[in-house]
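Colleague: First the structure, then my questions, so here it is.
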Amino acid sequence: MTTATLRLATPTPFERMLRQAALGIARHVDRRVAARAERREIALDMLREQQARKQDPRALDHTLAQMGLPRR
């Protein structure tokens with residue numbers, strides 16, 4: 001009876017393998033979440049920098065001229 005009780009108390013090799021797989025998947029997901037957060041931070045920084053730049057008032061006229069449209 002003691003042997004049966006001890007055998008039931010420890011995880012089986014399959015359960016250990018499932019636990020390892022679950023830990024591996026969790027680590028993978030954590031890395032993906034961290035990478036996505038880093039990319040988002042970089043994108044927000046670039047957007048803030050782009051919005052902070054002063055716009056050249058002649059840029060629109062130049063673009064319209066390149067397209068062959070009348071200027072403002």
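The values are calculated or read from the model by the stated rules, or taken from the named source; none is laboratory data. The model shown is predicted, which means the values in this text are computed figures rather than measured ones. All Cβ positions, glycine included, derive from the backbone under ideal geometry; neighbour counts span all protein chains shown. The area values use the complete protein model at the heavy-atom level, side chains included, leaving out ligands, DNA and RNA. Shrake-Rupley method; radii C 1.70, N 1.55, O 1.52, S 1.80 Å.
Colleague: Which residue fluctuates the most in the chain, going by a Gaussian network model with Cα springs under 10 Å, if the choices are 39, 53, 27?
Modeller: Taking springs between Cα atoms under 10 Å, the residue moving most is 53.
Colleague: To the nearest 0.05, what FRET efficiency results for residue 39 and residue 14 with a Förster distance of 35 Å applied to their C-beta separation? Write down the numbers at each step before the final one.
Modeller: Working: r = 37 Å, r/R0 = 1.07.
Calculated transfer efficiency: 0.40.
Colleague: Based solely on its DSSP helices, what 222 nm [θ] is calculated for the chain when runs of n ≥ 4 H residues each add -39,500 (n - 2.57) and the sum is averaged over all residues, nearest 500 deg cm²/dmol?
Modeller: -28000 deg cm²/dmol
Colleague: Any idea of the accessible area per residue across the chain, 1.4 Å probe, to the nearest Å²?
Modeller: Per residue, the chain has 98 Å² of solvent-accessible surface.
Colleague: For the chain, just run the numbers: alpha carbon Rg, then divide by 2.2 N^0.38 Å, N being how many residues it has.
Modeller: Compactness ratio reported: 2.67.
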